[in-house]
Amino acid sequence: MRTYSIAIMVRNEYGVLNRVTSMFRRRQFNITGLTVSETETEDLSRITVQFEGEERAKNQLVAQLAKLPDVISFKEFDPDDSISCELLLIKVANHDETRSQVLDAAAAFHAKTVDYTRDSIVFRVAGQSRRIDNFIDLLRDYEILEVCRTGIISLERGKTVMRNVANVQ
């Protein structure tokens with residue numbers, strides 16, 4: 001099984017996200033990351049989906065996505081030709097006996113402290129999903145209170161932009 005990342009440019013209208021994600025559900029793909037946002041124009045939204053599956057089933061899914069009336073274009077991202085990033089906020093207990101180790105771990109990952117209280121410390125990390133996974137795994141040795149991740153976002157390198165990709169009829 002392989003992990004895929006696809007960005008889908010859609011009309012910014014009610015119910016579009018449900019129609020797109022239902023396509024993944026019907027094809028029995030496990031969505032591991034989902035990010036939705038408006039784009040450079042308020043008429044369009046960009047849905048970035050990270051999911052696991054087999055190549056043949058992924059190709060069938062892409063063909064079905066192209067038939068949805070709300071889909072303007074889509075792009076599967078190759079890690080070598082794209083820039084991807086994810087954002088993490090993680091809250092860790094602030095105990096006297098572990099504080100220095102937690103702060104050292106955060107420094108090693110270039111995590112930014114965004115909140116600091118007597119009871120907890122909140123860090124922000126942006127980067128590749130694997131790096132974020134590694135940071136969370138390292139902090140599991142301490143008391144993690146809460147984790148929130150954005151899901152992956154990606155842009156293709158170079159001057160190509162999604163709204164100019166003509167892969168939907």
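Some notes on this structure:
- Summed over the stretch 117-162, the residues that are exposed (fewer than 13 other Cβ atoms within 10 Å of the Cβ) and either at pLDDT below 95 or in contact with a helix residue (DSSP H, G or I) (Cβ under 7 Å, 6 or more places away or on another chain) (or both) give a count of 5.
- Elements of the type strands (runs of 3 or more DSSP E) sitting completely within the stretch 47-118 and holding at least 3 residues that are closer than 30 Å to LEU138 by Cα and of a type in the set (A, V, I, L, M): these cover 82-93.
- Answer residue from the stretch 46-82, given it is small (Gly, Ala, Ser) and out of contact with any Leu (no Cβ under 8 Å at 6 or more places or on another chain) and is modelled with the lowest pLDDT among those: ALA57
- Within the stretch 139-161, being among the hydroxyl-bearing types (Ser, Thr, Tyr) and either within 14 Å of PRO79 (Cα to Cα) or within 18 Å of the chain's Cα centre (by Cα) (or both) holds for THR150, SER154.
The values are calculated or read from the model by the stated rules, or taken from the named source; none is laboratory data. If you're wondering where the values come from, they're calculated on a predicted model, not measured in any experiment. Here the Cβ is made from the backbone with ideal geometry for all residues, glycine too, and neighbour counts use every protein chain on show.
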